[in-house]
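One structure below.
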Amino acid sequence: MSKRQYHIETLAIHAGQDAHGDPATNARAVPVYRTTAYNFRDSKHGADLFGLRELGNIYARLMNPTNDVLAKRIAALEGGAAAQTLSSGTAAIFFTITNIARAGDEIVAASNLYGGTFSQFDAILPNAGIKANFTPVNDFAAVEAAINEKTRLVYVEAVGNPALDVADIEGYAAIAHRHGLPLIVDATFAPPPLLRALDHGADLVIHSLSKWIGGHGAGIGGVVVEKGGFDWTNPKFALYNEPDAGYHGLRFAHDLPEPLKPIAFSIRLLTVGIRNQGPTLAPDAAWIFLQGVESLPLRIARHSENALAVAKHLQSHPKVAWVKYPSLTQPELAAKYLPNGAGGVVVFGVKGGSDEARKVTDAANGEIFSILANVGDAKSLIIHPASTTHSQLSDEDLRKGGVAPELIRLSIGLEHIDDIIAALDEALEAI
């Protein structure tokens, strides 16, 4: 697209694609390129591509034109310099961490993470020699205390899953950058029409494409967006300063062509993580997500509108003990980071505890709500996290993550708000 500053609604439809459609076929819609490999013009062309002296298509594990449009479109929505798509949001998280840290290194992360991410950091990364130090969200004194000479990054969720705590991104960025560390923000619960975390100091933003960006529960994927320009030349980042044996001693912070140096993270993620370890997003899934991106600004506005109405309704329900929704429970941070809507998730606790929460969840499973381990669908979803998505956590870790036994997570869909509220009221009659 031109250098004109287009609005996000326009970028969601046009960014990442040639103004005249697909350059090979002139198709206006983005095609699905189902191919394993790509022809080289000659042997030198192939050698230059593999040697990073020229950019272009090599092999489908590395790149695909359909995926390329999706990556560029998400990067444009976030205001980033580059992006890489991966096979899942979980893969995007893991390969982001291991693209920065190696055995002997440490990371600092907020403790209110999605259960799968917490387990990845707490139980899996240590097997690779990477230690995670957890701190309460927005406890900046604890973050400062957790950072040491081995720390390589700071990680937070923009809006915690499922506790819905809003992270003070600028506060985290100030600490991370003071120590020469990148700030990584999982912004899955606050996609670009609501939040652009890079504008608030984040260096890398991660999304599960399967959620609101895709929007229809029809595919699995992830994406990492790089702001660009982070200084990887600090010797503490050994993966960028020591010669890489897989690329004839190339040092990613020093030896890339000048135009690529500002996006050294993305280049290394592609050539080391994705190329050699294979967490590749299928082009069919990329195409599915592109359909979702086009309507994302419209959908997320309705998700947020419906969720706020549900939260306000539940606040006055006699069988509800408490309700959390960012604009109601953290109005100052929500106004700062989520001025266009606070997202599509509401969590609440029912009076009585875990057994009552599961009764309500089961009773809601019907025409409107579905019990699913997912969020961000056009359909409304419900789940009891303590017994499902976060069941692998200890009682202490559940408490630290804000996952109470009575907590029910709602992903509010695009149905008419009266029908959504009626279904919840009916479910609450089960207790």
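The figures follow:
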quantity	calculated
Size descriptor, Kirkwood hydrodynamic radius, that averages inverse alpha-carbon separations across the stretch 294-423, Å	15.0
Radius of gyration, Dmax [the chain; alpha carbons; angstrom]	21.8, 73
Loop GluC sites (Glu not before Pro), the stretch 136-187 (other Cβ atoms within 10 Å of the site Cβ: 13 or fewer; DSSP)	Glu149
Compactness of the stretch 1-59 - radius of gyration and Dmax, Cα, Å	15.3, 43
Computed lengthening from Ile58 to His177, 0.36 nm per intervening residue step minus Cα-Cα distance	39.3 nm
Percent RCO, i.e. relative contact order, over the chain, from Cα pairs under 8 Å lying at least 6 residues apart	17
Rg to Rh quotient for the stretch 299-371, alpha carbon positions, Kirkwood Rh	1.01
Neighbour net charge for Glu429 - beta-carbon separation under 14 angstrom, K R +1, D E -1	-1
Over 24 Å between alpha carbons, listed pairs Lys336/Lys379; Lys312/Lys359; Lys131/Lys261; Lys150/Lys336	Lys336/Lys379; Lys131/Lys261; Lys150/Lys336
Alpha carbon centroid spacing (whole Å) that separates the stretch 41-57 from the stretch 69-113	26
Cα centre as origin, Lys/Arg/Asp/Glu Cβ charges: the chain dipole, Debye	880
For the stretch 183-331, diffusion coefficient by Stokes-Einstein and Kirkwood Rh (Cα), 4 °C, 1.567 mPa s, µm²/s	71
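Readers should treat all values here as calculations from the given coordinates under stated rules, not as data from a laboratory. Bear in mind the structure is a predicted one, so any value in this text is a computation, not a measurement. For neighbour counting, all protein chains shown are included, and Cβ atoms are generated from backbone atoms with ideal geometry for every residue, glycine included.
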